Every structure is written in structure tokens, then in C-alpha cells.
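A.B. asks: Just passing along the structure, written as C-alpha cells.
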Amino acid sequence: MLITTTHHLEGKKVKKYIGLVSGEAIVGANIFKDIFASIRDIVGGRSSAYENELRRAKEIALQEMVDQAVAIGGNAVIAVDLDYETVGQGGSMLMVTACGTAVVIED
């Protein structure tokens, strides 16, 4: 399935706009990752634990969005927007939302 952040597809014609589709993922960061990330923040560097969790949440949200598009007859999703937020008490959870327009494009 073609997924793009653009509104137009070069070389492809949108035959039908079906509607809005979205996917959400909320993942918790466990206490050991939090402690390790805090140490990283003090000494500098990147927190690969959090980066991996964000990447996993993004993939889950995109897959949910694609599944929804397929269920309503789409073969592509255009104008995709990804949003990242922290939620929960003290921002202990990571939320990723993927939203776009399901369309039917020519083959």
C-alpha cells in the first residue's frame, strides 16, 4: 500500500477519495528504561530505548491506519500526518497518531 504525506501522487491518478483513516498507539516506558534514559540525559547522548519505543509506536499506528484504509476499500493513503505526544501521569506513556485520507488510485 502506498502511504504518503503529500496530497498528490506524481504519475498516479486518484480515482476516488474514500475518507479519513487513522491509527493510534500508546506504549508505556518501563521504569528501567526511564532510569537509563535519565542517566543518559545527565551524561549526554541519545536514548535508544525511547527511540525504539517511538519507532515501534509509529509502526503500530501506521499499520492500524492502513488496515482501516483496506477495510473501507482504499489502496493508498495520502496526506498522512504523524503526531507524537506524551500522556499519562508524569508523561510516562508515549502516544503516536497517524491520520490520512484513504483513496483509490489507478493501478
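A.B. asks: Going by the structure shown, is Tyr84 at pLDDT below 95, surrounded by 12 or more Cβ atoms within 10 Å (Cβ to Cβ) and under 30 Å from His8 (Cβ atoms)?
C.D. replies: Numbers: at pLDDT below 95: yes; surrounded by 12 or more Cβ atoms within 10 Å (Cβ to Cβ): yes; under 30 Å from His8 (Cβ atoms): yes.
Criteria met by Tyr84.
A.B. asks: In addition: Name the single residue, out of those in the stretch 6-26 being hydroxyl-bearing (Ser, Thr, Tyr) and part of a strand (DSSP E or B), that is surrounded by the fewest Cβ atoms within 10 Å (Cβ to Cβ).
C.D. replies: Just the residues of the stretch 6-26 that are hydroxyl-bearing (Ser, Thr, Tyr), to begin with: 6, 17, 22.
So of that shortlist, the ones also part of a strand (DSSP E or B) come out as 17, 22.
Working: Tyr17: 12, Ser22: 16.
It comes out as Tyr17.
A.B. asks: Mind counting the residues in the stretch 88-105 that are out of contact with any Asp or Glu (no Cβ under 8 Å at 6 or more places or on another chain), surrounded by 11 or more Cβ atoms within 10 Å (Cβ to Cβ) and on the phi < 0 side of the Ramachandran plot?
C.D. replies: 6
A.B. asks: Here is a further query. So which residues in the stretch 70-92 are of a type outside the set (Asp, Glu) and within 15 Å of the chain's Cα centre (by Cα), if there are any at all?
C.D. replies: Val77, Ile78, Ala79, Val80, Leu82, Tyr84, Thr86
A.B. asks: Assuming Val14 fulfils every condition listed in (1) at pLDDT 90 or above; (2) in contact with an Asp or Glu (Cβ under 7 Å, 6 or more places away or on another chain) apart from one, which condition is it?
C.D. replies: Evaluating Val14 over (1) at pLDDT 90 or above; (2) in contact with an Asp or Glu (Cβ under 7 Å, 6 or more places away or on another chain) leaves (2) as the failure.
A.B. asks: Please verify whether the stretch 49-57 includes one or more residues that are closer than 15 Å to Val21 by Cβ and among the charged types (D, E, K, R).
C.D. replies: If we filter the stretch 49-57 for residues that are closer than 15 Å to Val21 by Cβ, which is where we start, we get none.
Scanning the stretch 49-57, I find no residue that is closer than 15 Å to Val21 by Cβ and among the charged types (D, E, K, R), so the answer is no.
A.B. asks: Limited to the stretch 27-71, what total is found for residues that are surrounded by 15 or more Cβ atoms within 10 Å (Cβ to Cβ) and modelled with pLDDT of 90 or more?
C.D. replies: The qualifying residues number 10.
A.B. asks: Right, next: Just to be sure I understand the filter: pairs with C-beta atoms under 9 Å, separated by 6 or more residues or on different chains, first member in the stretch 75-86 and at positive phi, second member of a type in the set (S, T, N, Q). Which pairs pass?
C.D. replies: Matching pairs, first to second residue: Ala79/Thr4; Ala79/Thr5; Ala79/Thr6; Ala79/Thr101.
The values are calculated or read from the model by the stated rules, or taken from the named source; none is laboratory data. Computed from a predicted model, the values in this text were never measured in an experiment. Don't worry about glycine lacking a Cβ; one is built from the backbone with ideal geometry, like all the others, and counts go over all protein chains shown.
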